[in-house]
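*Asks:* Okay, handing you the structure first.
The values are calculated or read from the model by the stated rules, or taken from the named source; none is laboratory data. Computed from a prediction, not measured in an experiment: that's the story for all the values here. Here the Cβ positions follow ideal geometry from the backbone for every residue, glycine too, while neighbour counts run over all protein chains shown. All accessible areas refer to the heavy atoms of the entire protein, side chains included, with ligands and DNA or RNA removed. Shrake-Rupley method; radii C 1.70, N 1.55, O 1.52, S 1.80 Å.
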Amino acid sequence: MPYLEEIWQRKWVTNNGVFHRELEKQLCEYLGVEHLSLFSNGTLALITALQSMKITGEVITTPFSFVATTHALHWNGIKPVFADVDPVTMNLDPEKIEAAITPQTTAILPVHVYANPCDVERIETIADTYGLRVIYDAAHAFGVRIRDRSILEYGDMSVLSFHGTKVFNTFEGGAIICRDEKTKRRIDNLKNFGFVDETTVVAPGINGKMNEVQAAFGVLQLKYMDQVLAQRGAIDERYRKAFRNVNGLSMHDVPDYCTRNYSYFPLLVRPEFPLNRDELYEELRKHRIAARRYFYPLISEFPMYRGLPSSNAQNLPVATALSRQVLCLPIYPALEQEEQERIIEVILACAWRNRRAS
Ligand SMILES: *Cc1c(COP(=O)(O)O)cnc(C)c1O
């Protein structure tokens, strides 16, 4: 509340205000990055990141993500080319990326899905070999580190989302992380209609500015990140213990050299489980448990993309299977232990049910 009064008294409510600059500075420190530009949401940040590098032609991306990843390409007049994912990381498979390259390819847009790191080193090698840009959709990967380096430091740019459903949020919000000050300046101009001073407009920019109320909320929330991560971590641990030896349920493990942010808890419902994924989803719904089928359908299955040659399910067997098996269980700091135990009981009862019957 004091923050709101401060904004009110200052009468500086948006356009690179005091809290805006403070949040950029604090996020750079917290995340261990040097150049970060705040945005009003992650989708505009993605669209602007592509604009800022004048990406055109074809861009290779994953169908196993939130639809905004591909929409950002579409809004730039870029043709999305879907490549299949790796069954373990659920992220773009480097071999499939390489196989999808054509003379029109200009960039790769991978996603660190559920904050599982992509194979950043192999992607870098491919990008260097073929002269491609890399923009990571890091919407899920807030605070993740690989061997003590921020995951956001890989590629030409990374994009974060601070939407209300993400680990760190400003209700709506996002950011671009880039490699140098000059690029950051260009991004900052682009998010403010292309203005560089009062009368000079150098590019057809957009309005992607974050306002002071959002930024103040971000500054406030950043103070509680340790607590948020500890609470999420405890929930993650309890789910893992409960499902470790359940036939037909599998969980993803992140390699030891990567930190986790517990942003999602994806459970894979394999064919050996007595219920299929949709049946388990319905069973949970009956018990008023809101699990999410993230990511189903695949982006390549939506009407505006399904006609693309790369959208063919035969081109995407792994992503297709995953999207039929995955169920993201509730994970948020306010989830009470009792409520979580109830969720676990419902799922374990399903695992039991047919074992008795058979
Ligand atoms: C949330 C999300 C976005 C979009 O971010 P917004 O801030 O909601 O615009 C983009 N990509 C992925 C993978 C996301 O999960």
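*Asks:* I'd like to verify a number: residues in the range 16-75 that are under 25 Å from ALA216 (Cβ atoms) and among the polar types (S, T, N, Q), how many?
*Replies:* Summing the residues that are under 25 Å from ALA216 (Cβ atoms) and among the polar types (S, T, N, Q) in the range 16-75 gives 7.
*Asks:* I've got another one for you. Which pairs have Cβ atoms under 7 Å, sit 6 or more apart or on different chains, and link a residue in the range 1-20 that is in the same structural domain as PHE193 (by TED's automatic domain parsing) to one that is modelled with pLDDT under 90?
*Replies:* Hits for this filter: ILE7/VAL13; VAL18/ARG10; VAL18/TRP12.
*Asks:* Restricting attention to the range 314-333, and to residues there that are more than 21 Å from MET251 (Cβ to Cβ) and touching a residue at least 12 places away in the same chain (Cβ under 8 Å), which single residue is surrounded by the fewest Cβ atoms within 10 Å (Cβ to Cβ)?
*Replies:* Step one: list which residues in the range 314-333 are more than 21 Å from MET251 (Cβ to Cβ), which gives 314-317.
Still in the running and touching a residue at least 12 places away in the same chain (Cβ under 8 Å): 315-317.
Values: ASN315: 20, LEU316: 24, PRO317: 12.
This residue is PRO317.
*Asks:* What single numbered condition from (1) closer than 28 Å to THR43 by Cβ; (2) free of Cβ contacts under 8 Å to residues at least 60 places away in the same chain; (3) open to solvent by less than 20 Å² (accessible area, probe 1.4 Å) fails to hold for CYS178?
*Replies:* Just one mismatch for CYS178, condition (2).
*Asks:* Only one residue in VAL120, VAL167 is within 16 Å of the ligand (Cβ to nearest atom), over 16 Å from LEU44 (Cα atoms) and assigned by TED's automatic domain parsing to the domain that holds LEU31, so which one is that?
*Replies:* VAL167
*Asks:* Hey, another quick one. From the set of residues in the range 188-210 that are away from the ligand (no atom under 16 Å from the Cβ) and β-branched (Val, Ile, Thr), which is surrounded by the fewest Cβ atoms within 10 Å (Cβ to Cβ)?
*Replies:* THR199
*Asks:* What pairs can you find where one residue is in the range 141-162 and over 19 Å from SER65 (Cβ atoms), the other is small (Gly, Ala, Ser) and open to solvent by 20 Å² or more (accessible area, probe 1.4 Å), and their Cβ atoms are less than 7 Å apart, with a gap of 6+ or different chains?
*Replies:* Correct list of pairs: SER150/GLY32.
*Asks:* Please indicate, with yes or no, whether at least one residue in the range 16-30 is aliphatic (A, V, I, L, M), open to solvent by 20 Å² or more (accessible area, probe 1.4 Å) and assigned to a helix (DSSP H, G or I).
*Replies:* Yes.
*Asks:* Can you pull out every residue in the range 130-151 that is away from the ligand (no atom under 12 Å from the Cβ), open to solvent by less than 20 Å² (accessible area, probe 1.4 Å) and more than 17 Å from ALA107 (Cα to Cα)?
*Replies:* VAL144, ILE146, SER150, ILE151, listed by residue number.
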